[in-house]
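Contents: one structure, followed by commentary.
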Amino acid sequence: MPRLLFGSALVLALVAGLVPRAMAHFGVIIPSDDIVTQEDSRTLALEVKFIHPMETTYMEMEKPKRFGVFHKGKVQDLLASLEKARGKGADQEEFFTFWKTQYSIKRPGDYTFFVEPTPYWEPAEDKFIVHYTKVCVNALGLEEGWDEPLGLEVEILPMTRPYGFWTGNVFTGQVLHKGKPVPNAEVEVEYLNESPENKSMVKAPSDPLVTQVVRADRNGVFTYAMPRAGWWGFAALRDATWKLKKDGKPKDVEIGAVFWVRTVDMK
């Protein structure tokens, strides 16, 4: 290789090594269980966070704008029940705010918990981030309601029942924006390294293995097979048609439809 070209390649390689990669943000709602049986406690513990799931990197989360649960066609407002908590990732020294609550199951059926967060300002991307996040819990044997949309600005509608997954099963969902399918939507997928089933932290050997990416079809439908026990997050991102102001200037807003499902190993 000519000396000039070699020197240029070396400089580019060194610069590339110094540039931090962008980590995927995920809104998170994790219940203490995704299936409540007659033998289980009927009180769920739930945690609401904003993190990089695979790397367990927390971001500071203000109190959400909305938090509730959808059951049998009705929405119950749970925002007042949220309590502030502090946590940090494995490699973080500073503690960050997240939110937690408890919810008592009283009737059979599917309970879809959802959150609309306060917009998060990401200076590295010069934009706000708003992730509309959902998770579904089945209670007492009645499998009814998991496939109903909530009418969020963006959301993932499950096409497969979103609980009762063995490790290796596939999750199929449909990306909706204002109730309509999003053709060719890009969906990011990450494993939650904080999952109780995870006995040892997963170490990804390269960046593409931290955040998986799948493309939806023309009807906004995507499928992904989950290779490890624990919680998996799916995030379909797009730019909002509206903007928010930062220091008096209008800024872009990334809106995300996020859904969480859990897998368990066969024993």
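Quick note: the coordinates plus some simple rules give every number you see, no bench work behind them. As the structure is a prediction and not an experimental result, all values here were calculated from the model. Glycine also receives a Cβ, built like all others from the backbone with ideal geometry; neighbour counts cover every protein chain displayed.
The candidate values are (i) 0.94; (ii) 1.01; (iii) 1.07; the one derived from this structure for Cα Rg over 2.2 N^0.38 Å carries the label (iii).
By the scheme Lys and Arg +1, Asp and Glu -1, what is the net charge of all other residues having a beta-carbon under 13 Å from that of ASP33? Provide the component values of the computation, followed by the final result.
Details: positive: ARG42, ARG262; negative: ASP34, GLU39, ASP40, GLU47, GLU197.
Summing Lys/Arg as +1 and Asp/Glu as -1 gives -3.
With a Förster radius of 35 Å applied to the beta-carbon distance between GLU186 and ALA45, the computed FRET efficiency rounds to 0.60.
Placing pseudo-labels 7 Å out from each Cα toward the beta carbon at ALA124 and ALA225 gives an inter-label distance of 3.2 nm. Annotation: for a label point projected 7 angstrom from Cα along Cα→Cβ of LEU142, residues of the range 21-41 with backbone N closer than 16 Å are 36-38.
Which value at 222 nm does the chain reach when only helices count, each DSSP H run of 4 or more adding -39,500 (n - 2.57), with the total divided by all residues and rounded to the nearest 500 deg cm²/dmol?
On the way: 1 runs with 16 residues, N = 267.
Per the formula, -2000 deg cm²/dmol.
Could you calculate the contour length gain from ASP217 to VAL202, that is, 0.36 nm times the residue separation minus the distance between their Cα atoms, to one decimal place in nm?
Values: separation 15, 0.36 × 15 = 5.40 nm, distance 2.99 nm.
Roughly 2.4 nm would be gained on extension.
Each peptide in 107-113, 123-129 was scored by the mean count of other Cβ atoms within 10 Å over its residues; highest first, the order is 107-113, 123-129.
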